[in-house]
Amino acid sequence: DIQAPWWSAQWKVVPKFGDWVNIQNRWHPNEYIHNQNGTLEAGALGDPEWWSAQWRMVPAGDGWVRIQNRWRPDQYIHNQNGRLDVGPIQPNWSSALWKVQ
């Protein structure tokens, strides 16, 4: 189980270019969410400009967003299969909706 105060479970949205952001881990600030290797990962970036580590918060209504990847724009962060993942989604998937504070 994840505990609310755990820094390892806390992420910061860091503006990058225009609407694109990086998602940085609080516990390990040199680690970012990316899909450079075809799967969703958190790790150091080989290049700070990796598009695989750039995300856009796409409004989905009522304060919810879908998190779209810049490098592979058909891929979104979701948990459709019971675990955090990235890939193409269906428009009706609630598993691809997120609240970002």
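A few comments on the model shown:
- Qualifying residue in region 76-83 (condition: among the small types (Gly, Ala, Ser) and either closer than 25 Å to residue 4 by Cα or in a strand (DSSP E or B) (or both)): yes
- For region 36-66, the set of residues classified as in contact (Cβ under 8 Å) with a residue 12 or more places away in the chain and either assigned to a loop (DSSP other than H, G, I, E, B) or touching a Ser or Thr at 6+ places or on another chain (Cβ under 7 Å) (or both) consists of 36, 39, 40, 44, 45, 50, 54, 63, listed by residue number.
- Out of 2, 89, sole residue that is among the hydrophobic types (A, V, I, L, M, F, W, C), open to solvent by 90 Å² or more (accessible area, probe 1.4 Å) and not in a strand (DSSP E or B): 2
- Residue count for region 51-64 under the criterion of being surrounded by fewer than 19 Cβ atoms within 10 Å (Cβ to Cβ) and either touching a strand residue (DSSP E or B) at 6+ places or on another chain (Cβ under 6 Å) or more than 19 Å from residue 32 (Cβ to Cβ) (or both): the result is 9.
- Scanning region 67-80 for residues that are open to solvent by 50 Å² or more (accessible area, probe 1.4 Å) and either in contact (Cβ under 8 Å) with a residue 12 or more places away in the chain or within 15 Å of residue 32 (Cβ to Cβ) (or both) turns up 70, 71, 72, 74, 79, 80.
The values are calculated or read from the model by the stated rules, or taken from the named source; none is laboratory data. The shown structure was predicted, so the numbers you read here are calculated from the model rather than taken from an experiment. Using ideal geometry, Cβ is built from the backbone for each residue, glycine included, and neighbour counts are taken over all protein chains shown. Just so you know, the surface numbers come from the protein's heavy atoms only, side chains and all, with ligands and any DNA or RNA stripped out. Shrake-Rupley method; radii C 1.70, N 1.55, O 1.52, S 1.80 Å.
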